[in-house]
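Notes follow the structure.
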Amino acid sequence: STASSKCSAAVGAATAPGFIIFPGIHRGGVEEPRLSGFSRRFSSAGVVVVSVPLPDLREFRVTTRTTDQIEDATAWAAGEPGIGRGGKIGLGGVSFAGGLALVAAGRPALRDRLSMVVSFGGYGDLTRVLRFLCTGVLPDGTRMPPHDYGIAIVLLEVAPAMVPPGQVAPLRRGVLTFLEGSLHDQTDKPRALALFADARRQAAALPVPARTLLEWVNDRNVSELGPAVLPHVEKLAGAAALSPERSPAAAAPVFLLHGREDNVIPSAETPLTAGYLRRHGNTRVKTLLTPLVSHADLNTNAPMPDAWRLVKFWKQMMELR
């Protein structure tokens, strides 16, 4: 596959159905904790699971070639003995990869080779998501504070349009240092604090405007950084290959699972994506917005009725095996 330098597979019986899943924006690739948990749940139900890292997403970049890599890897896996079954396979994506997986699923090479598509915390229109990250305004006009992690990722891509050429590389290094710290903030606090301190030292050594932008990142100052980035969003995210709602609709059954209070990719994306798919002929779309999920991560403290809804949703997916 052109998509990966490394794959991990949890293999069951030779007759088990296959499922290929792609992680979101995270350095960990197939070792990313949310992806590992999601893959284990599928494999425990007797599904052959192949997890494939995507090089650009590991570098905090959302690119059109990532969609091509999802397409290529899925087509390969569908025809691979011991993974695909009858030339078909299930396709899943976590977070930003959830949206890209839906785009790939609608392409001619995959339209008849998928048993299902699962988007876990994904989106329908990338430009709409990035506008939310910059403004905190949801599609219905209401507001929710966006997560600063997302806007920092956007800055990585639009940096060349915002600072002189000589400042692009050091600004990106500083932002990447901050993002690395954010990834470790819940699991390795000393390492996270050291990385955050390093990002502040890098900011102090930069000239303006790069210094100002990196200071806003370090301060998690979305109210200043968002409006500065907003004018560049459409150029970054406008390609059809990055948004399901700008691409042909997937024909396979689609399952859209989303955390109700997600402030990286807001849960409003799920009903909008479902509506687009249904309007374009896919009547086999199931959705669930749940407090049991944050941003592509499980929350075990939600009420029991929500747990049963998640169980029912999971059962519907498993019945397609």
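Bridgeable aspartates and glutamates around K88 (alpha carbons under 15 Å apart, same-chain partners fewer than 8 residues away excluded): E71, D72, E80, D112.
Per-residue SASA remark: K189, around 100 Å² accessible (1.4 Å probe; ligands, DNA and RNA not included).
Site pair T187 and A161 shows an inter-label distance of 3.3 nm when each label is modelled 7 Å from Cα along Cα→Cβ.
Over all projection directions, the Cα-based convex hull of the range 73-169 averages an area of 8.8 nm².
Which aspartates and glutamates, on any chain, are close to K286 with Cα under 14 Å apart, when same-chain ones fewer than 8 places away are left out? Within the straight-line cut-off, K286 pairs with E269, E319. Rounded to the nearest 0.05, what FRET efficiency is calculated for D198 and E261 with R0 set to 41 Å and r the Cβ-Cβ distance? That pair, D198 with E261, gives E of 0.85.
Label-to-label distance for V168 and T142 is 4.0 nm, based on points extended 7 Å past Cα in the beta-carbon direction. Evaluated at q = 0.20, 0.22, 0.24 Å⁻¹, the base-10 log of the normalised Debye intensity for the range 193-237, with identical point scatterers placed on the Cα atoms, takes the values -0.68, -0.77, -0.84.
The values are calculated or read from the model by the stated rules, or taken from the named source; none is laboratory data. Everything quoted here is computed from the prediction, not taken from an experiment. As a convention, Cβ positions derive from the backbone with ideal geometry for all residues, glycine included, and neighbour counts pool all protein chains shown. Protein only, heavy atoms only, side chains kept; ligands, DNA and RNA dropped before computing areas. Shrake-Rupley method; radii C 1.70, N 1.55, O 1.52, S 1.80 Å.
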